[in-house]
Structures are given as structure tokens and as C-alpha cells.
Amino acid sequence: MSAGRAEVCVVACAEAWRGDGEILASPMGVVPAIGARLARLTFAPDLLLTDGEALLMADVPALGAEPRAVEGWLPFRRHLAVVAGGRRHVMMGAAQLDRHGNQNISCVGDWHRPDRQLLGVRGAPANTLNNPTSYWIPRHSPRVLVEKVDMVSGVGYDRAAAAGPSATRFHRIPRVVTDLAVLDFETPDRTMRVRSLHPGVTAAELRAATGFPLEVPQDVPRTRLPSAEELRLIREVIDPDGLRAREVRG
């Protein structure tokens, strides 16, 4: 069975939670939600998942289905306590993301008179300063991967360092997954680097889709393909309706 681009992205998102142990996964978006469930069913059985509202699921239902078994109650006030305690790894989206990991979900353009009003800052500052925060970008483009965000919602490595130890103590951005590549910040100056290219994506294509200079090493690996069992779980168990294809182009 050959994997499509969406399924490669699902596995790349799942890998973000590898080794996290008993921690709450908070995926935002269809592909991250499938990825978190795939991780739970395979290499991360201790991962905690919610139904998107207030229940901790004991099983792993298909997207849109209710859990058959519940193992806990997690209302919003308790969810905030988990965030503050750091026992959570969220995968958020971004309208803009820069080379230092600063994220914008608030507005596009000057803050005093924006061209576009978006979600608002929401919980992004608390997320990025209190628990691991990864990002999912379904459309890798120069409009999203930018030289400088118009407003900082989620805190990047440069701004955390400037704020001091209180900001850097628990600040960590493990992974950025896009429809073209997997990126991280494991560099001496904590700027974005290419971790892997998805199958079929060229270095030139990735550079052209990025709004700042992005070095692509010649020996950069390819994002791993899903195994036959992972494909079965994605297609038959977690996302039988194929919702993943609506979020990622083929």
C-alpha cells in the first residue's frame, strides 16, 4: 500500500509525541488529531487523549465518534492546571511562524489597524511558556513561514531568551510539521532547521515556499513513510471517512 502526502503528515505529527510518556496530547487540526490517536495506538500507549471537550478517553475512537470508554474528567479549569504544570504537549496551528519559532494567530498587518483580524492571542503565551508546543502548518508558504511575525502570540526562542529564566525554564518547541517537511530548532542559535523532507519534495521547492533563507543540507533525510499497520489504522480505524485529505493536498 502506498501512502499519500496526508498520511505522511499524520505519521510526522504522531512522531512529535514519541517518548513523551504519560502526558496530555492536545492536537489542533484534523491531521494532528489523527496523529495523536495513531501514536496512542502504536508507540505511545501512555498518551492521554480527550474527546475535545471534557472527557479523557480510555479507548481510541474514529474521528467524530464518541469514546466507548472514559477514564477521566477534565473540565476547562482542570485543563488550565495541567497547562500550568507542564504535563501537556500541544500542537497548534499558526497564521505566521518565523525562524525563531514566534507564532501569530492574532492579526495580519499593523496591530493598531490590521488588514486581517484572526483568532486573537488566546492561550498561546501560556502554552509556549509552560509546556512543549509544536506546530502544524497544512499549507507551507511564504505567507505563513515569514521573516517576522506581525504580532507575537506564541513565544519563540529569541523572545523567551530575552525575557530571561522565567520564560526559558519550560519553553520548548519540539517540532514543526508542514505539508512539505518536518522542521525543528535543534541548532546552536535555536533557529529553524530542516529535519526531513517529505517524499517527493525538493529542496528548491521548500526554499521557494519559505519566507526566509532556509538551509537544506544535501544529506537531509526523508520523512518516514507509515508502515502497513499504521496505514491500516489511519484508513480503517481512526479516519475511515478520509477527512485527512481535506486538510492536505495530494
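The values are calculated or read from the model by the stated rules, or taken from the named source; none is laboratory data. This one's a predicted model, so the numbers in the text were calculated from it and none came from an experiment. Here the Cβ positions follow ideal geometry from the backbone for every residue, glycine too, while neighbour counts run over all protein chains shown. Accessible surface areas use protein heavy atoms only, side chains included; no ligands, DNA or RNA. Shrake-Rupley method; radii C 1.70, N 1.55, O 1.52, S 1.80 Å.
With +1 on each Lys and Arg Cβ and -1 on each Asp and Glu Cβ, and nothing else charged, work out how big the dipole of the chain is about its Cα centre, in Debye to the nearest 20.
My answer is approximately 380 debye.
Rounded to the nearest 0.05, what FRET efficiency is calculated for Arg87 and Thr42 with R0 set to 30 Å and r the Cβ-Cβ distance?
Details: r = 21 Å, r/R0 = 0.71.
With a Förster radius of 30 Å, E is 0.90.
How about the stretch 1-104: which trypsin sites (Lys or Arg not before Pro) there are in a DSSP loop, with at most 11 other Cβ atoms within 10 Å of their Cβ?
Details: sites: Arg5, Arg18, Arg37, Arg40, Arg68, Arg77, Arg78, Arg87, Arg88, Arg99; in loops: Arg18, Arg68, Arg87, Arg99.
Those satisfying the criteria are Arg68.
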Review point. Which value, in Å to one decimal place, does the Kirkwood hydrodynamic radius take for the stretch 151-250 when every pair of different Cα atoms is included?
Key: 16.1
**Study point:** Charge dipole of the stretch 1-100 about the Cα centre (unit charges at C-beta), most positive-ward option of Ala58, Gly19, Trp73
**Key:** Gly19
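What's the Cα-based Rg to Rh of the stretch 5-131, Rh via Kirkwood?
On the way: Rg = 15.7 Å, Rh = 15.8 Å.
Rounded to two decimals, Rg/Rh equals 1.00.
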**Study point:** Two-site label geometry, Arg222 and Gln117: point separation in nm, points 7 Å out along Cα→Cβ
**Key:** 4.7
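If you take the square roots of the eigenvalues of the alpha-carbon gyration tensor of the stretch 1-79 and sort them as a ≥ b ≥ c, do you get rounded (a/c under 1.5), prolate (a/b over b/c) or oblate?
Working: a/c = 1.92, a/b = 1.64, b/c = 1.17.
Prolate shape, in that a/c is at least 1.5 and a/b is the bigger ratio.
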Check your understanding: Hey, any idea what the orientation-averaged projected area of the convex hull of the chain's Cα atoms comes to, in nm²?
Key -> 13.6
Exercise for review: Taking only Cα atoms and a 10 Å spring cutoff, compute GNM fluctuations for the chain and point out the largest among Gln103, Gln218, Gln117.
Suggested key: Gln218
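What stretch of the chain, leaving out the sites themselves, is the longest with no GluC sites (Glu not before Pro) in a DSSP loop having at most 16 other Cβ atoms within 10 Å? Let's see the in-between values first.
On the way: sites that count: Glu22, Glu53, Glu147, Glu186, Glu215.
That gives 54-146 as the longest site-free run.
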**Study point:** Span from the the stretch 1-50 Cα centroid across to the the stretch 66-145 one, whole angstrom
**Key:** 17
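Please give the net charge around Trp111, taking every other residue with its beta carbon less than 14 angstrom from that of Trp111, where Lys and Arg add +1 and Asp and Glu add -1.
Working: positive: Arg113, Arg116, Lys148; negative: Asp110, Asp115, Asp150.
Charge balance near Trp111 sits at 0.
Going by the alpha-carbon gyration tensor, a ≥ b ≥ c the square roots of its eigenvalues, is the stretch 142-204 rounded (a/c under 1.5) or, if a/c is not under 1.5, prolate (a/b greater than b/c) versus oblate?
Numbers: a/c = 2.68, a/b = 1.78, b/c = 1.50.
Judged from the Cα gyration tensor, the stretch 142-204 comes out prolate (a/c at least 1.5, a/b above b/c).
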Check your understanding: At a probe size of 1.4 Å, how large is the accessible area of Val248, to the nearest 10 Å²?
Key -> 10
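How big is the charge dipole of the stretch 41-149 about its Cα centre, in debye rounded to the nearest 20, if each Lys and Arg gets +1 on its Cβ and each Asp and Glu gets -1 on its Cβ? Could you put the intermediate results ahead of the total?
Numbers: 12 positive and 10 negative charges, 75 e Å.
Its charge dipole is roughly 360 debye.
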Review point. With contacts defined as alpha carbon pairs under 8 Å and 6 or more residues apart, what's the relative contact order of the stretch 87-243 in percent?
Key: 22
Review point. To the nearest 20 debye, what charge dipole does the stretch 132-250 have about its Cα centre, counting +1 at the Cβ of each Lys and Arg and -1 at the Cβ of each Asp and Glu?
Key: 140
Review point. How big is the stretch 62-137 on each of its three principal axes, counting only the C-alpha atoms and giving the largest first in Å?
Key: 47, 29, 23
